[in-house]
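Okay, here's the structure, questions in a sec.
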Amino acid sequence: MAVRYLKKGKDEQAIAESDAKVRATVEAILADIEKRGDDAVRELSQKFDGWAPERFQLSPAEVEAAVKQLSPLEIEDIKFAQKQIGGFAAIQRNSMKDVEVETMPGVILGHKHIPIDAVGCYVPGGKYPMIASAHMSVLTAKVAGVKRIVSTAPPFQGAPHPAIVAAMHFAGAEEILVLGGVQAIGAMALGTESISAVDMLVGPGNMFVAEAKRQLFGRVGIDLFAGPTETLVIADSTADAEMCAVDLLGQAEHGPTSPAVLLTTDEQLARDTMAEIERQLQVLPTADIARISWADYGQVIVCDTQEEMIEIADALAYEHVQVLTEDPDVFLKQMTNYGALFLGPRTNVSFGDKVIGTNHTLPTKRAARYTGGLWVGKFIKTCTYQKVVTDEASALIGEYGSRLCHMENFAGHGEQANLRVRRYGDRPEVPWYQPVSPLAASDQ
């Protein structure tokens, strides 16, 4: 494989050291929250956000006041986005069917899709008010049928952000908190005197939020590892430098640790894009952040063939993959590791992030190798059941089960099977804690 790196980001050792510091910080904060509850949460909120109200949950009157701060057009825009996202989530939900089937005479197996009872939805909002994250988490949970939805976002410039609050409210959150960072994640997962614990945490966030979710997994469920945004632009000679640069910087602005990578078979396009990025950084209002992420985490990779690009893209397993090639559908057919694909120049990651209808909470840190993004199915447990409705079926399954348990040395398991053979198969001679012998031909 002839692969050339025209630009590399930080080396893996530096990233690992940074991750270790984040892990230690988060572990200490979560331990403090578990020990001191609301007092710890309030102190942390004051320290990191300058926000320490008497109560973090907004009252119905406060929610109504926030909604009234929006213009009719702003409300219309939020509701338009929620219509797209909720509509696609409903289509996904309708694709999930309960099943019940008689697999053999007298044996009935099935599964039911059961929504999770209580979910905590995190909406990032410190640097940028991520209104869209309310749609993606709260609304999708609502469509899934979750009974209790808690949603939280940090204060924005010293107050609840009215558009985030409105989006949470329109999406169906029953409890709306103004609380951010690890303290919000810890409070929802562990519970405090004023915040009842949830069963699952969802939503994207910075490296500290993502690490908090990782450490709490097991105590609660999580949607996936959704840390700092990643974007990969795959381009060939049919693409242009302006669009490549825009689509890279459009995600690099998320934060100083957001990787943005150009993967191309056209070295001239690669060099032109690097030059165009420098030009755009001179005028981009968020250049102070995008410049750091591009310098520290940006990469430019040149391949000889399309096949090499597919191989590298799957190895990277990035969150967002924008495909600007002559035939984008080749990547749809052949790629296996990605959070979401954005195919062709007419679409882009921003559409998916904000309004088009797919969910923007997607796997990062190569988690796309084993999971997809947030969708209604993440809020639903697929639980099986079984029932045996005839004596003959119970005895028959019991005979096989008895012998299989004996092979594993599980005497108690085997006796569960034996009891059914004795009781429903009219074979009182079946021994206690011994495998059932097959019926002799003369006995049948």
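The values are calculated or read from the model by the stated rules, or taken from the named source; none is laboratory data. Here the structure is a predicted model, which is why all the values come from computation and not from measurement. Virtual Cβ from ideal backbone geometry, glycine too; neighbours counted across all protein chains shown. SASA here: full protein model, heavy atoms, side chains in, ligands and nucleic acids out. Shrake-Rupley method; radii C 1.70, N 1.55, O 1.52, S 1.80 Å.
With springs connecting C-alpha atoms under 10 Å apart, model the chain as a Gaussian network and identify which of Gln299, Gln334, Gln215 has the largest mean-square fluctuation.
Among Gln299, Gln334, Gln215, the largest GNM mean-square fluctuation belongs to Gln334.
Still on this model: So which trypsin sites (Lys or Arg not before Pro) in segment 117-151 pass both tests, a DSSP loop state and at most 12 other Cβ atoms within 10 Å of the Cβ?
Details: sites: Lys127, Lys142, Lys147, Arg148; in loops: Lys127, Lys147.
Loop-located and lightly packed - Lys147.
Let me ask you something else. How many nm is it between the label spots at Ala61 and Gln13, if each spot is 7 Å from the Cα in line with the beta carbon?
It works out to 6.1 nm between the two label points.
If you don't mind, another one. Run the reach check for Lys354 against aspartates and glutamates, Cα to Cα strictly under 18 Å, same-chain hits fewer than 8 apart removed. What comes back?
Partners within reach: Glu74, Glu76, Asp77, Glu230, Asp247, Glu253, Glu319.
On full extension of the chain, what length is gained from Glu242 through Arg366, given 0.36 nm per residue of separation minus the C-alpha to C-alpha distance? Write out the running numbers ahead of the final one.
Values: separation 124, 0.36 × 124 = 44.64 nm, distance 2.76 nm.
Taking 0.36 nm per residue and subtracting the Cα distance, the gain is 41.9 nm.
Antiparallel as a % of all DSSP beta bridges within the chain, to the nearest 5?
That works out to approximately 35 percent antiparallel.
Right, next: Roughly what would the spin-label model give for Gln268 and Ser196, points 7 Å off Cα along C-beta, in nm?
Simple spin-label model gives 6.5 nm for this pair.
Now, a different point. Rounded to the nearest 500, what is the 222 nm mean residue ellipticity of the chain from helices alone, with -39500 (n - 2.57) per DSSP H run of 4+ residues and division by all residues?
Values: 17 runs with 200 residues, N = 444.
It lands at -14000 deg cm²/dmol.
Averaged per residue, what accessible area in Å² does segment 337-418 show with a 1.4 Å probe, protein chains only?
Details: 4380 Å² over 82 residues.
Solvent-accessible surface per residue comes out at 53 Å².
From the cross-link list Lys333/Lys387; Lys47/Lys365; Lys97/Lys127; Lys35/Lys97; Lys21/Lys112; Lys8/Lys142, which pairs have alpha carbons spaced over 32 Å apart? Don't skip to the end; give the middle numbers.
Numbers: Lys333/Lys387 41 Å; Lys47/Lys365 29 Å; Lys97/Lys127 41 Å; Lys35/Lys97 43 Å; Lys21/Lys112 42 Å; Lys8/Lys142 42 Å.
Check vs 32 Å cut-off fails for Lys333/Lys387; Lys97/Lys127; Lys35/Lys97; Lys21/Lys112; Lys8/Lys142.
Still on this structure, I have one more. Percent of accessible area on the chain owned by carbon and sulfur, 1.4 Å probe? Write down the numbers at each step before the final one.
Working: 11330 of 21300 Å².
Of the solvent-accessible surface of the chain, carbon and sulfur hold 53 percent.
Let me ask something additional. Among Tyr385, Tyr370, Tyr400, whose mean-square fluctuation peaks in a Gaussian network model of the chain (Cα, cutoff 10 Å)?
Tyr400
Mean separation of Cα pairs under 8 Å and 6+ residues apart, divided by the residue count of the chain: what relative contact order is that in percent? Write down the numbers at each step before the final one.
Numbers: 893 pairs, mean separation 79.8, N = 444.
Rounded, it is 18 percent for the chain.
Here's something else I'd like to know. Treat each spin label as a single point 7 Å out from the Cα along the C-beta direction, and report the Thr305 to Arg23 distance in nm.
Here the answer is 3.9 nm between the modelled labels.
I want to verify a result. In a Gaussian network model of the chain, Cα cutoff 10 Å, which of these has the top mean-square fluctuation: Val430, Val99, Val302?
Val430
Just read off the accessible area of Trp375 with the full protein assembly in place, 1.4 Å probe, to the nearest 10 Å².
90
Segment 334-427: which GluC sites (Glu not before Pro) are DSSP loop and have at most 12 other beta-carbon atoms within 10 angstrom? List each step's numbers first, then the result.
Values: sites: Glu392, Glu399, Glu408, Glu415; in loops: Glu408.
Sparse-neighbourhood loop GluC sites (Glu not before Pro): Glu408.
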